[in-house]
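Values in this text are rule-based calculations from the coordinates and carry no lab data. Owing to the predicted nature of the structure, the values given are computational and were not obtained by experimental measurement. Here the Cβ positions follow ideal geometry from the backbone for every residue, glycine too, while neighbour counts run over all protein chains shown.
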Amino acid sequence: MSENLPFEERYYQPPYKQLYRQSLEEPEKFWREMAEGLEWFSPFDKVLDESNAPFYRWFVGGKINITYNALDRQVKVRRNKIAIYWENEKGESRQLTYGELYNEVNRFAKILQDLGIKKGDRVLIYLPLMPELPIAMLACARIGAVHSVVFSGFSTQAVIDRINDAKAKLVITTSHTMRRGKRVELKRIIDEAVSQTPSVEKVLVIKRDEEIELNEERDVLYQDLIKRTGYKKVEPEETLSTDPLFILYTSGTTGKPKGILHLHGGYGLWTYLTTQWVFDLRDNDIFFNTADIGWITGHSYIVYGPLQNGASVLMYEGVPDYPNPDRWWELVEKYGVTVFYTSPTAIRSLMRYGEEWVKKHDLSTLRILGSVGEPINPEAWRWYFKNVGNSSLPIVDTWWQTETGGIMISATPGLGNYLLKPSANGLPLPGVDADVFTEDGKQAKPREKGYIVIKRPWPGMLAGVWGDPERYVKTYFSKFPGVYYPGDYAVRDEEGFFYILGRADEVLKIAGHRIGTREIEDILISHPAVAESAVIGVPDPVRGEVAVAAVVLKQGYQPSEELRKSLIEYVKNNLGPIVIFGGLYFVSKLPKTRSGKIMRRVVRSVISGQPLGDVSTLEDETSVDELKKVIEEFT
Ligand code: ATP
Ligand code: MG
């Protein structure tokens, strides 16, 4: 009877699997096909040049300009589609169609040319999230100049260091931005900085609402130049695939920031593809990425990835909890955002205000959520999934770095792969030959902790560390010969899912057991009293190392000896008695980078009484003073 029933043992396989296999089995053919997704001025001779490894070069001999793909190509088919929606704290808004963006970039490019900026010159951009930021970046790229965007929250010294490292010829800035209703003066910081930066010839100032004081010899007003120049079309420079596109400094979480260099062709292709694979952007999507463009996440997934795909992006100049903690959800509702991308640190900060703020809004247009920047702890994951994702949307937990140019490990809804496991990042993207190595360079067994490595080059990889080839080789290619070493600690399960466990230098070795500081932090955060924590290891004569924690309590909880003891107990109950604490301190805030990441190295320096090292990217110095005080009081 049952012979004719349509039973089937095979499953439909999402394209992901096939593409992944193909990318590693026939890389040459694979990348040639992928590169056809972009428009080239002239074809490349070679897919990958490994002759000067580890300085790999992609699509050698080919000519391509990323702005041709982001603008000229889009204008032909979607001139009137909105490219950028913009809104600020006050609810003021602007929007630019692809046609308008194209015109703005052309005008800006002409002005750069008139200011004497040529191919290869470095331009430092110090702007908040205003539409002129992507416009300025694209204008630089259009004429083959190299932009270096510095996050507008950085102070004078950080700006000076970056200008001098890149030897920038021009600085682009504006008067101010608003943060929580207060003016943040930006031009003033540049005024201070450029007295110590001999390479800078001019400062191009974009007027916002009111008159700005100018230094007659040095400053030029963008609006004046526009009036004088009028509209001129500037053909994109026919840059080589291997010509520099930008330098971007890393967050400085683990040490002195590195000037990461990316090139037109490889970076262009990688951001173009990964935007499709991970975010699955289609013509009617509205993509809201809450990152600042001063970080790689904004470069790749506000500017270059989405625009090369003709997508609409929402840019918000402001913080998530001002005027109220529902500011982002208000925007999601207002613009009908479909894909939303943010960081665990932001989720944790919004969690504190309670879920009522999310519930006030209709978020039903959302279809994909994303996370980036740090491992997302289970508490935050659940909150995000339940409240923002209505317990139904996929959360793509995208692991990548400034150095990788684009996403490396994640679920890939755009390739039909929605397989997700909370707290796992997922599977490597096509072309990403990721693995986990043990300390001695052998492949780790499933569930065995080790270091994530990438065993062959991919198009989005950094081309170098600006001005420091040795640091490039030393940082990324010397721990394990011949493979790229990202510096993160990881584990993989039997199905090949990767779990990034935190920074490699944030691993404790207590009595022979290797435990990521993040594992201890995750447990602490799951305690009802704890909002945030930073755990570090300090040497211990008996156990090798012991854990020390700095803990921020949730509102309504007070530090006490009893709570201290019960937190330590709680960690032991959950992770095992091997976790020995050398101290647990209560503070009101943790030292963080301006991108919101915990600077455990700073906590370590304070606790061990060592010099702080490079703190140019530290968000709030009072966090360090407080920690010092708390420790002194305790000991
Ligand atoms: P620096 O290299 O100067 O110390 P940084 O590493 O913080 O700064 P970024 O390039 O902005 O600078 O961050 C990349 C790092 O962020 C990764 O190496 C990883 O440690 C962490 N990271 C990013 N996304 C994720 C994620 N989804 N899951 C886990 N970790 C992540
Ligand atoms: Mg890093």
Exercise for review: List the pair-distance distribution P(r) of segment 253-398, using every Cα-Cα distance, as the percent of pairs falling in each 5 Å bin from 0 up to the bin containing the longest distance, rounded to whole percents.
Suggested key: 2, 9, 19, 23, 21, 13, 8, 4, 1, 0
Check your understanding: Hey, what D do you get for the chain in µm²/s if you plug the Kirkwood alpha-carbon radius into Stokes-Einstein at 37 °C and 0.692 mPa s?
Key -> 129 µm²/s
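Which of the three applies to segment 198-251, rounded, prolate or oblate, going by the alpha-carbon gyration tensor with a ≥ b ≥ c and a/c under 1.5 meaning rounded?
oblate
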Practice item. Using a 10 Å cut-off on Cβ atoms, rank the peptides 579-589, 20-30 from the highest mean neighbour count down. Key: 579-589, 20-30
Check your understanding: Using a Förster distance of 25 Å, how high is the FRET efficiency between Val538 and Asn573, based on the Cβ-Cβ distance and rounded to 0.05?
Key -> 0.65
Practice item. For an R0 of 25 angstrom, estimate the FRET efficiency from the Cβ-Cβ distance between Glu439 and Lys17 and round to the nearest 0.05. Key: 0.20
Study note, to complete from the structure: Rounded to one decimal in nm, the spacing of the 7 Å Cα→Cβ label points at Arg471 and Lys554 is 4.1 nm
Check your understanding: Residue by residue, what Karplus-based ³J(HN,Hα) values in Hz, rounded to whole numbers, does segment 504-517 have, using 6.51, -1.76 and 1.60 with θ = phi - 60° and x for Gly and Pro?
Key -> 4, 8, 10, 10, 9, 10, 9, 6, x, 9, 8, 10, x, 4
Review point. If amide H atoms are built 1.01 Å from N in the plane of the peptide, which residues on other chains or at least 5 residues away come under 5 Å of the amide H of Thr97?
Key: Ala83
Check your understanding: With θ set to phi - 60° and the Karplus curve 6.51 cos²θ - 1.76 cosθ + 1.60, what are the ³J(HN,Hα) couplings of segment 330-336 in order, to the nearest whole Hz, using x for Gly and Pro?
Key -> 4, 5, 4, 5, 4, 9, x
Check your understanding: By the scheme Lys and Arg +1, Asp and Glu -1, what is the net charge of all other residues having a beta-carbon under 12 Å from that of Ser155?
Key -> -3
Point to revise | Three-way shape label, segment 110-205, alpha-carbon gyration tensor, a/c 1.5 | key: oblate
Check your understanding: Considering only the chain, what is the antiparallel percent among its DSSP beta bridges, to the nearest 5?
Key -> 55 percent
Revision key, fill the gap. Note on segment 201-285: alpha-carbon gyration tensor, axes a ≥ b ≥ c; rule is a/c under 1.5 for rounded, else prolate if a/b larger than b/c, else oblate; result prolate
Practice item. Starting from the amide H of Asp620, placed 1.01 Å from N in the peptide plane, find each other amide H under 5 Å away whose residue is 5 or more places distant or on another chain. Key: Lys592
Point to revise | For segment 486-603, size of Cβ-based charge dipole, Lys and Arg +1, Asp and Glu -1, in debye | key: 460 debye
Revision key, fill the gap. Bridge orientation stat for segment 540-604 from DSSP, antiparallel percent rounded to 5, came to 25 percent
Point to revise | Full-extension gain in nm, Asn284 to Glu28, via 0.36 nm per residue minus C-alpha separation | key: 88.8 nm
Check your understanding: In terms of modelled amide H atoms, which long-range or inter-chain residues lie less than 5 Å from the amide H of Ile125?
Key -> Ser148, Val149, Val150, Ile172
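If we count every other residue with Cβ under 12 angstrom of Ala145's Cβ, Lys/Arg +1 and Asp/Glu -1, where does the sum land?
+2
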Check your understanding: Fully extended, how many nm does the chain gain between Ser364 and Arg94 (0.36 nm per residue separation, minus their Cα-Cα distance)?
Key -> 94.8 nm
Check your understanding: Whole-Hz Karplus ³J(HN,Hα) for segment 83-91, in order, using 6.51 cos²θ - 1.76 cosθ + 1.60 and θ = phi - 60°, x for Gly and Pro?
Key -> 8, 10, 9, 10, 8, 10, 4, 6, x
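Against the empirical 2.2 N^0.38 Å scaling, what ratio does the C-alpha Rg of segment 506-611 come to?
My calculation over the Cα atoms of segment 506-611 gives 1.01.
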Revision key, fill the gap. If every Lys and Arg gets +1 and every Asp and Glu gets -1 at its Cβ, then about the Cα centre the chain yields a dipole, in debye to the nearest 20, of 300 debye
Exercise for review: For segment 159-210, report the convex hull volume of the alpha-carbon atoms normalised per residue, in Å³, without decimals.
Suggested key: 75 Å³
**Study point:** Segments 165-173, 353-361 sorted - mean Cβ within 10 Å per residue, highest first
**Key:** 165-173, 353-361
Point to revise | Per-pair calculated FRET efficiency, R0 = 41 Å: Glu192 and Lys386 via Cβ, rounded to 0.05 | key: 0.35
Review point. Rg and Dmax of segment 55-149, using alpha carbons, in Å: what are they?
Key: 14.6, 48
Revision key, fill the gap. What helix-only [θ] at 222 nm does the chain give? Using -39500 (n - 2.57) per DSSP H run of at least 4, over all residues, to the nearest 500, the answer is -8500 deg cm²/dmol
Review point. Highest mean first, what order results for 493-503, 152-162 on Cβ atoms within 10 Å?
Key: 152-162, 493-503
Revision key, fill the gap. Within the under-11-Å Cβ sphere about Tyr585, not counting Tyr585, Lys/Arg +1 and Asp/Glu -1 give a net charge of 0
Exercise for review: Would you please state which residues of segment 596-627 a label at Ser155 would reach in this model, taking the label point 7 Å out along Cα→Cβ and a backbone N cut-off of under 17 Å?
Suggested key: 596, 599, 602-603, 612-627
